[in-house]
Amino acid sequence: MESVTRYRWLYVAVAVGSLALNLPWLGTISAWLDEAATRSAATRPLPDLWQLLHHQDAVSGAYYLAIHGWTSVVGDSWLSMRLPSALAAAGAAVVATATGRVVGGWAIATMTGILMVLLPGDAWAGLDARPTAFALLLVTAALWTWLKAPERPRWPTFALIAAAGWVQLTALLQLTALVERGTIRTRRFWCAAGLTVAAVVPLAIVGHRQVQQVGWIKSSLPAQLYSALIGRVADGPQSTTVAVHLTTVTNVVLAFVVLALTASAAYAVRTPTVSRLVRWAYLPALMAIAIGAVTGSSQYLSRYFASSLPAVAILAAVGLRQLNTHGRRVAAIGSITALCVPALVAQRVADGKWGEDFQSLARVIHAAPAETPVFYVGNAVSVGIAYPSDVAGHRQTPDPGGAASSASLWGPTIDVRRVVTDLRPGASLVVLPTKERSALDAVVRTDTRCAVTHSVPGKRFSIVALSCP
């Protein structure tokens, strides 16, 4: 009874720790492009959402439907939209801790819980209004059910992987980790695996038709391998203005420290359980990289495989357990904590989502006189979609609200030449991709008598203020 109570308090402590690192910042960090996509999709009426999913982002459809239902009850502030992710991330940390208990008892469970709360590669998921935290929870639950009876994987494991696949399609690759000598020859395993794949096939087919959505992934093969095997534990959205040089160093050191611990676990504890954890942690990501190399269409991003990082945390906990004394383990955990802090801070500032600060841009629009027209070039309309109350009252071209009735996330878009055509005497604001700033300057200089009065540069989007006679 005392042991059960002790574990319950551990689970509570892990959940509280995860929530404490996420809840205070849910409403303060600026939204970024993908979160604007969540708002665009999840806040539109169900018939319009269904129309959207037929043309775009079907692989996130289950998540959008869940958030649509959630926001219809609790509202669509960024705090409200991110809260489900914070709860899912806390749940995943607790389930990973319980899995650590299955692997090695109290010590492994405790260290796994600490690592799940701190490692930046997973800690950011609870701050993001995207499917990552839900995939993290479902895949971790699948790992827990599998390790409780690894020789004969049962239906909950396959059901959870299928559910995770509907939330984040790449989670289906976790099936590859279940293949081992004891299961590969059993009809029951292949039937269950086949049914799991069949359950996700409809989504995979639609997602394949929309493959252009990941066509922008261009990282090199060595970079992908480094991320999958080493850097993933420290990878995630971070500020491009706060502690940039420090996090560059600490993230690399942290990644190699965790790699050393997992390698120590794999070498020193040669048990079937550790072997399974290694496969679960690394094989799906490596499979995605291999598929991309063969097909020529990269499918790997570290955030698509954050859901398998709990296995890395458990392996690192096993590696920590190999240290000879309690004092060394405490010192190692303290060092890991110190290495995690810069990234955790950089994830929780205004531009903590890869340096994208939509909120600051929206506030610039809000501060402008109401008669100042606003033009959005391309997907820069996502700024207006992300912060509709800040930009309300201005004449906006195109209207961010029009996206809800279209078959795309951003609705009809315009280019810089259309902006020039629609300019009127007086002041105007142009929100555009930062990489298109030079194109706008050239068109304004050659085709108008307008002048640039000031600009607000941003990581993805910038604002240019024009004055026309």
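Nothing in this text is a laboratory measurement; each read-out follows from the coordinates by a stated rule. Everything numeric in this text was worked out from a predicted model, so none of it was measured. Every residue, glycine as well, gets a Cβ built from its backbone with ideal geometry; the counts of neighbours run over all protein chains shown.
List of remarks:
- Our note on the geometry: Cα centres of the range 33-60 and the range 137-178, 26 Å apart.
- Net length available on complete extension from Asn324 to Ser219 is 33.8 nm, with 0.36 nm assigned per residue and the Cα-Cα distance removed.
- Take each peptide in 249-257, 227-235, count the other Cβ atoms within 10 Å of every residue, and average; sorted highest first, the result is 227-235, 249-257.
- With the charge dipole of the range 37-186 set up from +1 on Lys and Arg Cβ and -1 on Asp and Glu Cβ about the Cα centre, the Cα lying farthest toward the positive end among the listed residues Ala89, His55, Leu115 is that of Leu115.
- Options Val74, Val253, Gly426, ranked by Cα towards positive dipole end of the chain, top entry (Cβ charges): Val253
- Across the range 358-468, Cα-Cα distances exceeding 24 Å account for 15% of all pairs.
- The range 423-469-the range 247-294 distance, computed between alpha-carbon centres (Å): 47 Å
- Shape call, the range 298-381: gyration tensor on alpha carbons, a/c limit 1.5: oblate
- Eligible aspartates and glutamates near Lys353 by straight Cα distance, threshold 18 Å, same-chain separation 8 or greater: Asp34, Glu35, Asp122, Asp128, Asp235
- Computed over the chain, the alpha-carbon pair-distance distribution with 20 angstrom bins reads 24, 53, 21, 3, 0, each value a whole percent.
- Contact order relative to length of the chain, as percent, for alpha carbon pairs under 8 angstrom and 6 or more apart: 18 percent
- Cα-centre dipole for the chain with unit charges at Cβ (Lys and Arg positive, Asp and Glu negative), debye to 20: 1460 debye
- Distance between modelled label sites at Arg185 and Leu65, nm, 7 Å Cα→Cβ extension: 4.1 nm
- Relative packing of peptides 324-334, 304-314, 112-122, 199-209 - highest average C-beta neighbours within 10 Å first: 304-314, 112-122, 199-209, 324-334
- For the range 68-122: rounded, prolate or oblate by the Cα gyration tensor [a/c cutoff 1.5]: prolate
- When only alpha carbons of the range 45-181 are considered, Rg and Dmax amount to 16.4, 51 Å.
- Order by protection proxy (mean Cβ within 10 Å, highest first), peptides 354-365, 81-92, 38-49, 398-409: 81-92, 354-365, 38-49, 398-409
- Full extension of the chain between Ala407 and Ala107 gives 102.8 nm of extra length, using 0.36 nm per residue less the Cα-Cα distance.
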